[in-house]
Amino acid sequence: MPKKNDWTREELQRDYIETMTAVTLPVDVKIDGTTRIYDLTQSEAILRKARTISLANCDCREKVQACSNPLDVCISIDNEADYMISNGYGRKVILEEALDALRRSHDAGLVHISYTDKGQAEPKIICSCCACCCHSLAGLIRFNLPEAVVESDHIALQDEDVCINCGDCVNRCHFQARRMENGTLKYDFSKCYGCGVCVSTCPANAISMVKRSEIKS
């Protein structure tokens with residue numbers, strides 16, 4: 001059962017689904033460039049173009065309080081950053097501090113999601129989301145709302161010949177694409193959103209980012 005202070009379907013529909021789209025942003029995963037999934041270098045390129053960057057606490061984790069993941073990792077860019085700073089919701093930071101926030105959240109296993117209003121080309125907010133608190137991730141998983149997130153063009157593919165069945169990626173996967181069954185890792189690529197948080201912690205290097213279009217169903 002959802003927690004009493006959890007996000008409701010009505011809140012998601014009114015405040016987020018009707019006004020925003022989202023793309024997942026894996027950090028420190030090398031992939032051929034698309035504008036929908038970014039490694040650390042590509043994320044840095046977005047921030048380098050920014051006139052102003054602000055950093056604030058994650059509203060979702062402050063509201064739901066279901067985990068101890070990092071709070072001060074919500075990044076705003078340019079006009080959104082100006083608004084956050086002028087209204088006391090965020091503080092102005094330099095590029096290096098913003099990149100540090102991305103790294104800390106990636107190490108914690110959070111999913112980097114970039115939000116844009118409909119009709120807006122460039123992201124104005126980069127969030128680091130958890131499935132237990134955050135509106136987009138929690139809503140997508142709990143209510144099965146594919147319209148809340150634009151699927152990435154890549155997925156984190158499992159190499160069964162290299163995998164050592166340690167289960168580390170199962171603990172990192174918010175989308176339940178990976179599970180252990182009788183000591184063997186089972187992977188359902190149809191549930192993978194390409195966030196990449198599993199890739200950097202696989203001790204056997206058995207996971208790699210590949211184009212979704214190259215995977216046969």
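The values are calculated or read from the model by the stated rules, or taken from the named source; none is laboratory data. All values reported here derive from a predicted model rather than from experimental measurement. Neighbour counts are summed over all protein chains in view; Cβ atoms, including those assigned to glycine, are modelled from backbone coordinates with ideal geometry.
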Item to check | segment 179-210 - residue that is hydrophobic (A, V, I, L, M, F, W, C) and part of a loop (DSSP other than H, G, I, E, B) and, of those, surrounded by the fewest Cβ atoms within 10 Å (Cβ to Cβ) | outcome: ALA204
Item to check | Yes/no for GLU122 being modelled with pLDDT of 75 or more and in a loop (DSSP other than H, G, I, E, B) | outcome: no
Checklist entry - Which ones in segment 58-103 are farther than 24 Å from GLY139 by Cα and in contact with a His (Cβ under 6 Å, 6 or more places away or on another chain)? => result none
Item to check | Of all residues making up segment 151-196, the number that are touching a residue at least 40 places away in the same chain (Cβ under 8 Å) and polar (S, T, N, Q) | outcome: 3
Item to check | Only listed residue being over 16 Å from the mean Cα position of the chain (by Cα) and either modelled with pLDDT under 80 or outside any strand (DSSP E or B) (or both), chosen from CYS163, CYS132 | outcome: CYS163
Item to check | Odd one out for ILE75 among (1) modelled with pLDDT under 95; (2) over 14 Å from GLU122 (Cβ atoms) | outcome: (2)
Item to check | Residue check for GLY90: in contact with a helix residue (DSSP H, G or I) (Cβ under 6 Å, 6 or more places away or on another chain), touching a residue at least 24 places away in the same chain (Cβ under 8 Å) and under 24 Å from SER208 (Cβ atoms) | outcome: no
Checklist entry - Given the structure, is SER213 outside any loop (DSSP other than H, G, I, E, B) and at pLDDT below 85? => result yes
